[in-house]
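Here the structure comes first, spelled out in structure tokens, and everything after it is commentary.
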Amino acid sequence: MSGDLVSIVLLPLILAFIMFSLGLGLTLGDFRRILVQPKALVVGVVCHFVLLPLVCFAMLKLVGMGGALAVGFMIVAACPTGATSNLLTYLARGDVALALGFTAMASVLTIFTLPVIVTWALAHFMSADGAVAVPVPVGFLMAQVALVMGLPVGLGMLARARWAAWALRVEPTATRIATVLFVIILVLAVVKNFATVQAHLISLAPMALALNLTMLSVGFAVAWAARLPRRQAVTLGIETAVQNAALSLVVASSVLNDGDMAIPGAIYGVTMYAGGLLFAWVMRRFVVPPEAVA
């Protein structure tokens with residue numbers, strides 16, 4: 001299968017199905033639920049859309065990473081929360097309703113925030129590395145993100161509203177298929193750019209894991225400092241660090257047409273589950289007692 005076919009056709013189609021399956025599990029009530037919890041919403045937005053990109057940028061500067069790989073990490077940091085954050089929240093005894101609402105809200109906000117962060121990262125890191133950054137209009141990126149993410153989610157929610165019984169019946173199967181497709185996306189990204197992965201894995205994997213663990217801790221700590229309930233603090237820790245890695249791969253490979261920029265997303269897409277499961281175990285074991293969710 002040619003690289004162009006994978007990047008231009010297959011990756012966007014897989015992401016569209018993943019986002020459609022997410023939409024099947026969402027209703028307008030999920031948006032209303034997060035809006036009536038303004039404190040949790042504000043803390044979550046600050047952690048995910050402000051602190052995550054800033055911490056990622058600071059860590060890239062600290063390790064001296066630049067060029068396409070640094071842009072790839074900034075793309076990851078600019079992506080919305082991944083749908084699997086809801087499962088990790090459940091395992092950690094967090095607030096699953098808050099997780100659903102924030103995931104929905106983050107998917108909408110990202111349409112406007114991701115293009116700004118990515119275009120800035122391109123100008124900063126590619127120019128600093130001596131490369132010529134190809135200008136990407138913010139409006140063009142917004143349209144692309146809305147097409148591959150916003151539209152499928154909207155169609156999934158529409159299907160849930162119009163044909164609720166059918167949507168509830170197929171949503172579990174669609175979610176399982178989406179999980180398999182996500183793994184396929186990661187494998188395709190690694191195979192397509194295997195030489196880059198092989199050359200930089202030793203430096204990229206620790207960076208990805210460190211970013212994930214740092215943001216799990218930062219999200220939890222900020223929510224705790226804001227005096228949110230324990231379960232909500234656990235949830236916002238996960239929502240801050242578990243990213244939609246599939247979207248990062250599509251933005252890098254299909255929109256920006258740069259395979260090297262996709263590598264950080266592929267590696268983060270694996271390491272975030274190691275960090276997320278460790279965080280869920282610690283929260284379940286030491287922070288949130290069983291009676292808190294009774």
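The values are calculated or read from the model by the stated rules, or taken from the named source; none is laboratory data. Just so it is clear, the model here is predicted, and its values are computed rather than measured. Methodologically, a virtual Cβ is constructed for each residue, glycine included, from the backbone with ideal geometry; neighbour enumeration extends over all protein chains shown. The accessibility values were calculated without ligands, DNA or RNA, using every heavy atom of the protein model including side chains. Shrake-Rupley method; radii C 1.70, N 1.55, O 1.52, S 1.80 Å.
General remarks:
- Ranking of Glu239, Glu171 by solvent-accessible surface, largest first: Glu171, Glu239 (1.4 Å probe, protein heavy atoms only, all chains present).
- The Kirkwood hydrodynamic radius of the stretch 12-96, based on inverse pair distances between different Cα atoms, is 15.2 Å.
- Only protein heavy atoms count here; under a 1.4 Å probe, Arg284 has an accessible surface of about 100 Å².
- Peptides 99-109, 193-203, 256-266 ordered by average Cβ neighbours within 10 Å, highest first: 256-266, 99-109, 193-203
- At q = 0.09, 0.12 Å⁻¹ the log10 of I(q)/I(0) for the chain amounts to -0.40, -0.72, computed by Debye summation with a single uniform scatterer per C-alpha, solvent ignored.
- Carbon and sulfur %, accessible surface of the stretch 14-77 computed with the full protein complex present, 1.4 Å: 77 percent
- Choice from Met215, Met19, Met126 with maximal GNM fluctuation in the chain (Cα, 10 Å cutoff): Met126
- Accessible surface area normalised per residue over the chain is 43 Å², counting heavy atoms of protein chains with a 1.4 Å rolling probe.
- Ordered by 1.4 Å accessible area with all protein chains kept, Thr271, Thr179, Thr214 run largest first as Thr179, Thr214, Thr271.
- Applying 1/(1 + (r/R0)^6) with R0 = 22 Å to the Cβ-Cβ distance of Val191 and Val63 gives a FRET efficiency near 0.25.
- Shape category assigned to the stretch 181-227 from the gyration tensor of Cα positions, a/c cut at 1.5: oblate
- Sorted largest first, the spans of the alpha carbon positions of the stretch 41-134 along the three principal axes are 46, 26, 20 Å.
- Listed residues Arg32, Arg230 arranged by accessible area, highest first, probe 1.4 Å: Arg32, Arg230
- Gyration tensor (alpha-carbon) shape descriptor, the stretch 24-67, a/c threshold 1.5: oblate
- Surface/4 estimate of mean projected area, convex hull on alpha-carbon atoms of the stretch 162-294, nm²: 11.0 nm²
- Whole-number percent relative contact order across the stretch 3-97, with pairs defined as alpha carbons under 8 Å at least 6 apart: 23 percent
- Modelled label positions at Val180 and Ser127, each set 7 Å beyond Cα in the direction of Cβ, lie 4.7 nm from each other.
- Percent of alpha-carbon pairs separated by more than 19 Å within the stretch 217-267: 45 percent
- Scaling the Cα radius of gyration of the stretch 74-202 by the globular reference 2.2 N^0.38 Å produces a ratio of 1.28.
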